[in-house]
Every structure is written in C-alpha cells, then in structure tokens.
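First comes the structure, then the notes that go with it.
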Amino acid sequence: MANVSFYNEDCVSAMRKLPAASVDLILTDPPYNLGKFMKDRDTNLKKMRDNYFGAAGWDDLDLDEWTAAMDDFFKEAVKVLKSGAAMIVLMSIIKVETIIKLASKHGLYYKTTGIWHKLNPMPRNMNLHFVNSTEAWVYFMYKKKTGTFNNNDKVIHDFIETSVTPGSEREYGKHPTQKPEKLMSHFIKILTNKGDMVLDPFMGSGTSGVAAVKSGRDFTGIEINKTYFKIAKKRINGVKQ
C-alpha cells in the first residue's frame with residue numbers, strides 16, 4: 001500500500017512541515033501566470049471554456065509577484081529533495097527561461113526542456129493562426145547531474161504525445177488545466193522506482209497522485225484551493241492498489 005498524505009494550504013508553508021531530504025521526485029504543474037496576458041489577446045478562449053483559467057483567481061498575478069512566488073517555491077523545494085532527486089516542472093514555453101534561472105539560483109541542475117504535444121487540442125481560432133497544441137516541461141536534478149532514469153536501454157525522446165485529459169478522468173469534477181494520467185505516469189515511471197516518494201506542491205485535481213499510487217510510489221500532495229483539494233483527495237483515495 002502506498003503512503004499518501006495531503007495538505008490543503010500554501011505549498012511553501014506545507015513544504016516546511018515535510019522532512020528534509022525525503023522526496024525522490026517533485027512533479028508539478030504550477031500556475032503559468034497567463035491570466036492577464038490572455039485577457040489582452042484576441043482570443044475566444046473564455047467563451048469556449050466554462051472554467052476559464054484566466055478568471056480562476058490563481059493565474060493572474062503581476063509578473064513580479066509570480067516570480068517572487070516561484071522563487072519561494074524553489075527555495076523550499078530544494079530542502080525536501082534528496083541528493084540525486086529529480087524535478088519536473090510543467091510550464092508555458094514563454095516562461096521556461098525564467099523558471100530555469102530561478103531553479104538554478106537555488107542549486108538545481110538544469111537537464112533539459114521537453115515538449116508535451118496534445119494530439120487533440122482545443123481548435124480555438126483555427127482559421128486565424130496556428131492552434132496551440134504544445135506545452136513545455138523542464139527537467140532538473142538536485143546536487144547530482146544524474147539519477148534514476150529507467151529507460152530500459154531504450155531511447156526516450158524529450159517529446160511526449162498524449163490526448164488531452166479524457167472525460168473519464170474528470171468524474172470527480174473539472175479543473176481548467178488538468179493534465180492526463182498518461183503524461184504524469186511517463187515521468188514517474190522513468191524518474192522514480194517503486195516505493196519512492198513523489199511530491200506535487202501544486203496538486204490541482206490530483207493527477208500526479210493518481211499516477212504515483214497506480215505505479216506503486218508514495219505520494220504527498222499540496223493544494224491551496226479547497227474545491228480542487230477535495231477533488232484530488234477523492235480521486236487519489238479511490239485508486240485501487
């Protein structure tokens with residue numbers, strides 16, 4: 001049985017409660033801070049989504065506020081990572097450079113940036129410009145330059161393709177930026193071993209936790225929003241082990 005714990009609070013304060021050097025992988029999808037940016041663009045996104053992230057209240061900080069918040073996140077994150085642990089941060093491509101600078105400041109070693117390609121993205125503005133079908137992920141190591149990498153002697157590209165989150169994974173409720181289990185499982189199986197601890201400081205609706213528990217890993221999830229926290233807890237606790 002996997003050991004699972006939850007914290008319904010700010011990730012910085014929650015991470016301060018965790019044991020030092022106890023985490024094998026941080027896998028997380030923090031706010032991209034695109035709310036204000038998207039509001040100024042010629043897009044019909046809000047009309048097409050009843051849970052538009054730009055109006056959610058957690059994705060509309062000023063750039064300086066968001067940068068400071070992410071800096072605080074990395075400061076606390078490195079305290080809970082084991083030597084040789086990995087971190088995967090999903091992020092908008094236009095914010096990758098900022099994320100790398102912040103992470104490097106706190107001693108994380110930058111490995112690579114990869115792409116998640118959504119095979120069936122929302123075709124908004126398809127007659128006006130290229131449909132947005134990609135997001136980035138950034139791979140870091142802590143204190144070491146190499147660690148667990150379960151490739152089974154096969155080439156693994158830095159390009160992952162999946163469909164967007166299917167309806168079957170939203171049965172407990174909607175989250176505007178929910179990631180599919182297949183995406184999260186990909187990183188967990190490659191970068192950790194069974195019994196390892198996976199931490200998601202921005203858990204959202206809990207996809208990382210579902211993938212971790214199904215893969216035989218322990219999991220700690222942190223989510224500040226009460227509604228999403230309840231969804232995540234139900235989803236993860238409902239996984240059959």
Legend entry - Pairs from 154/234; 101/234; 189/240; 79/194 whose Cα-Cα separation, in the structure shown, is over 28 Å: 154/234; 101/234
Inset, instruction - State the Kirkwood hydrodynamic radius of the range 88-149 in Å, one decimal place, computed from all pairs of distinct Cα atoms. - result: 13.3 Å
Legend entry - Sparse-neighbourhood loop sites, trypsin sites (Lys or Arg not before Pro) in the range 130-218 - DSSP loop, at most 10 other Cβ within 10 angstrom: 145, 154, 194
Legend entry - Helix 226-237 axis, angle to the chain major axis (alpha carbon atoms, nearest 10°): 50 degrees
Inset, instruction - Compute the long axis of helix 96-105 from its Cα atoms, compare it with the longest principal axis of the Cα atoms of the chain, and write down the angle in degrees, 0 to 90, nearest 10. - result: 30 degrees
Inset, instruction - Let me see the pair-distance distribution of the range 75-191: every alpha carbon pair, 10 Å bin width, integer percents in order. - result: 12, 37, 34, 15, 2
Legend entry - Value at 222 nm in deg cm²/dmol, rounded to 500, when DSSP H runs of n ≥ 4 in the chain each add -39,500 (n - 2.57): -8500 deg cm²/dmol
Inset, instruction - Enter the Cα centre distance for the pair the range 72-141 and the range 152-197, rounded to the nearest angstrom. - result: 14 Å
Legend entry - Cβ charges +1 (Lys, Arg) and -1 (Asp, Glu), total dipole of the chain, debye: 560 debye
Legend entry - Share antiparallel - DSSP beta bridges, the chain, percent rounded to 5: 45 percent
Legend entry - Rounded to 10°, Cα long-axis angle of helix 181-191 versus longest principal axis of the chain: 30 degrees
Inset, instruction - Between 18, 63, 90, find the one with the highest GNM mean-square fluctuation for the chain; connect C-alpha pairs within less than 10 Å. - result: 63
Inset, instruction - Would you kindly give the portion of the calculated P(r) for the chain that falls above 33 Å, as a percent of all Cα pairs? - result: 13 percent
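No lab work stands behind these numbers, since they all come straight from the coordinates. Values in this document were obtained by computation on a predicted structure and should not be read as measured data. Backbone-built Cβ (ideal geometry, glycine too); neighbour counts: all protein chains shown.
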